[in-house]
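Since every read-out is calculated from the coordinates, none of them should be taken as a lab result. Note that this is a predicted model, so its numbers are computed, not measured. Quick reminder, even Gly has a Cβ in these numbers, built from the backbone with ideal geometry, and neighbours come from all protein chains shown.
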Amino acid sequence: MENPNHILAVEQILAAKQSLPGALLPILHDIQDALGFIPPAAVPLIARALNLSRAEVHGVITYYHYFRQSPPGRHVLRVCQAEACQSVGSDALAQHVKAKLACDFHAMSEDGAVTLEPVYCLGHCAVGPNIQIDETALHARMTPEKFDQVLAELRRKP
Ligand code: FES
């Protein structure tokens, strides 16, 4: 079912950006920033506005893991997987996080509380492993034990 508010938001973004050179990626970023994902109903609107085929637009959305095609969970949790964090245990941390959430990267926990994403450097390499919650909250020197506390708090939040 198409959400009229989503369509309106997409149309406003298209009106603002469609004449820019290389407009597709900025448009997709703006839509995801506004709605949390790229609704399927946006694809034909974007294709028409940019004179592309639906397959071309869909191809770009699926090429970049960053773009979601369904709404995220109540919170988005990013686990840094870049080199400095890897050297201090982010791989093992990611395995723990996936097991606790019972989902992989680019997926949502079954209770809808958390969408799990990898991220490649959060700019705090000296204090890794790092995780980020909802774009703003950075948690440094993360351990599996600390993560369990963070997750318990997150699940209590609306
Ligand atoms: S490598 Fe993880 S914050 Fe830079």
Name the shape class, rounded, prolate or oblate, that the alpha-carbon gyration tensor gives for segment 4-63, where a ≥ b ≥ c are the square roots of its eigenvalues, rounded holds for a/c under 1.5, and otherwise prolate holds if a/b is larger than b/c and oblate otherwise. rounded
Estimate the FRET efficiency between A99 and T136 by the formula 1/(1 + (r/R0)^6), using the beta-carbon distance for r and 22 Å for R0, to the nearest 0.05. 0.30
Tally the DSSP beta bridges in the chain and give the antiparallel ones as a percent, rounded to 5. 55
How far, in degrees from 0 to 90, does helix 4-17 lean away from the longest principal axis of the Cα atoms of the chain, to the nearest 10? 80
Given 0.36 nm per residue, what is the gain on full extension from Q86 to H106 after removing their alpha carbon distance, in nm? 5.3 nm
The chain - Rg over Rh from alpha carbon coordinates, Kirkwood radius: 1.03
How much length is gained if the chain between L8 and Y66 is pulled fully straight, taking 0.36 nm per residue apart and subtracting their Cα-Cα distance, in nm to one decimal? 18.6 nm
With no other cysteine's Cβ closer than 4.7 Å, which Cys residues of the chain count as lacking a disulfide-compatible partner? C103, C121, C125
Nearest 10 degrees, 0 to 90: helix 90-101 Cα axis against the chain principal axis: 80
